[in-house]
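Just so you know, all these numbers are worked out from the coordinates, no wet-lab data involved. On a predicted model such as this, the values are computed, not experimentally measured, just so you know. Here the Cβ positions follow ideal geometry from the backbone for every residue, glycine too, while neighbour counts run over all protein chains shown.
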Amino acid sequence: MKKNLILIIGFLWLITGCAGNQQRLTPDEITSNFKVIATLKKELTVAEENGIDVFAPEGFLEAKGLYTEAFQMAGDGKSDQPVHPANKGLNALAKAKSDAKHAQEIMWEVIDVRQRARKAGAPELFRKEYKATEKKLTEANRLIEEGSIAKAKDLRPSLINAYNEMEIDALKKGVVSLAKASVQQAKAKDADDHAPATYLKAETELNMAISILETDRTQTEKANAHAKLATEMANRATEITELARTFKRRKYSMEDMILWYQKQLFEINKPLSSELDFEQPNHIVVRSLHDTIAALVESRKDSARITDEKQKLIHALEAELKGVHNRYEHELSDQATRQMETDRIKQEADERFKHIQSLFTPQEAEVYRKGNNVLIKAQGFYFPTGGAEIKTINFPLMNKLISAIREFPGSKIEVSGHTDSTGSAEKNLLLSKNRAKNVAAFLINVGHVKQTDITVDGYGETRPVASNDTEDGRTQNRRIELLIVNE
């Protein structure tokens with residue numbers, strides 16, 4: 001009996017000792033032995049890539065926590081127990097996907113502008129602001145998960161505004177930054193004083209590029225063309241300024257400047273083995289030099305011995321000749337006449353804008369100038385609740401809009417409708433479009449504006465200019481915007 005008892009004790013000790021010395025499973029062994037854990041891990045990775053962690057944060061965290069629990073159990077060698085939390089994790093993730101889809105349906109306007117901001121590079125350019133907005137979006141989606149849909153909807157305008165501003169700023173930074181730097185550099189060198197017409201062209205093109213982005217951010221190619229031209233004009237104004245300062249520093253008279261110009265032509269002509277007759281009128285001298293270069297180019301084209309380097313030299317000579325001639329013509333132009341014309345055009349534009357501003361009271365509309373374009377934000381319209389009909393009470397404001405349009409014959413008109421966030425987004429979008437269409441119809445039928453010159457759109461509650469939490473803010477958001485485009 002005693003011998004048997006010793007054998008039993010020894011057997012139990014052996015079992016306990018072996019269990020205590022069991023090694024933990026490696027991660028590869030866990031995913032190999034427990035297919036359900038491997039599936040949950042893969043599903044979590046895909047879900048995170050699809051933004052489920054943002055649009056259903058609570059459900060995603062629950063699924064991730066159950067995965068961690070199952071993984072820990074499997075590592076501890078608990079053969080059957082990990083299956084249960086892993087299956088619960090898959091169920092929780094399936095519900096999270098469903099909740100995320102529901103949140104995306106509610107926040108579709110936010111998602112749209114968020115995608116545009118991401119495409120423009122906002123996450124990289126504005127990391128702090130983007131991270132804060134993403135946190136706010138996650139909070140809104142958490143409210144939807146909890147059933148507080150109304151509270152989540154209240155966050156939509158501020159989210160749209162935040163992503164919208166980041167998108168515009170990112171586009172500006174990418175497309176216009178070089179032009180802006182060039183214009184600023186030209187101004188720092190007083191190009192606006194020494195080359196006012198060229199500098200004004202640079203400034204105008206820069207403002208147009210910015211205006212295009214602010215008006216329609218999809219027109220990046222068009223904005224880029226204006227920005228490129230602004231850079232060219234700014235650099236040219238800088239070069240003109242440097243040349244003008246050289247003349248001034250050396251106290252050049254008009255005769256000195258002409259002699260300097262002729263010297264440039266002489267230097268260009270040196271390699272050509274021909275003489276320039278400066279006793280002839282300037283245009284004959286330039287034509288002679290041009291013909292000599294053209295003949296040389298033509299003869300070289302017929303010769304197989306011409307080298308690439310010589311061809312490049314000829315092209316460089318032609319480019320240099322053209323540049324010197326342009327600078328000469330610019331310097332000899334009548335600065336006073338040009339400045340007077342520039343001042344006259346600017347004064348007329350300023351007076352026209354001030355006149356349009358004076359037409360409206362602060363309660364009726366706010367008027368903004370964007371380069372040569374004019375934006376009128378008319379929040380003084382009265383529409384019946386849920387209606388788009390233009391009542392007679394709106395006729396005085398409509399007549400003022402017509403008067404403003406007539407200040408710019410031949411301009412293009414963009415009419416857009418906007419609402420506050422009261423009611424559903426779908427109804428607000430349709431309502432804003434109908435109101436904009438009725439305003440456009442009034443401009444055509446009463447103001448005799450050409451139908452081909454008007455475009456119409458509505459944005460519902462997606463572009464608020466103030467908070468919808470106050471009556472004053474909602475009043476500002478219920479508006480008709482009229483953009484007079486003068487390109």
| field | Efficiency of FRET from Cβ geometry, Y252 and E232, R₀ 22 Å, rounded to 0.05 | value | 0.25
| message | Considering only C-alpha atoms, what is the centroid distance from segment 430-469 to segment 125-196, in Å? | response | 26 Å
| How high is the FRET efficiency from E49 to E471, r the C-beta distance, R0 35 Å, rounded to 0.05? | 0.20
| remark: Amide H proximity to G458 below 5 Å, modelled H, separation 5+ or other chain, gives G417
| message | Using a Förster radius of 30 Å, what is the FRET efficiency between L178 and T455 based on their Cβ-Cβ separation? Nearest 0.05, please. | response | 0.45
| note | Taking 0.36 nm per residue of separation between S403 and Q219 and subtracting their Cα-Cα distance, the length gained on full extension comes to 63.3 nm
| field | Fewest-first sequence of H84, H194, H226 by Cβ atoms within 10 Å of each Cβ | value | H84, H194, H226
| remark: In whole Hz, the Karplus estimates of ³J(HN,Hα) for segment 185-193 (6.51, -1.76, 1.60; θ = phi - 60°; x where Gly or Pro) are 5, 5, 5, 4, 9, 6, 5, 5, 8
| remark: Residue span L272 to E348: 0.36 nm per residue of separation minus Cα-Cα distance leaves a gain in nm of 22.3 nm
| query | Can you put E48, E203 in order, fewest other beta carbons within 10 Å first? | reply | E48, E203
| query | Tell me, L125, L137 in order of fewest to most beta-carbon neighbours within 10 Å? | reply | L125, L137
| request: Using 0.36 nm per residue of separation minus the Cα-Cα distance, give me the extension gain between A188 and Q280 in nm, one decimal. | output: 29.1 nm
| Among all the lysines, which ones have a C-alpha under 23 Å from K136's C-alpha, if same-chain residues fewer than 8 places away are not counted? | K64, K95, K97, K101, K119, K128, K151, K153
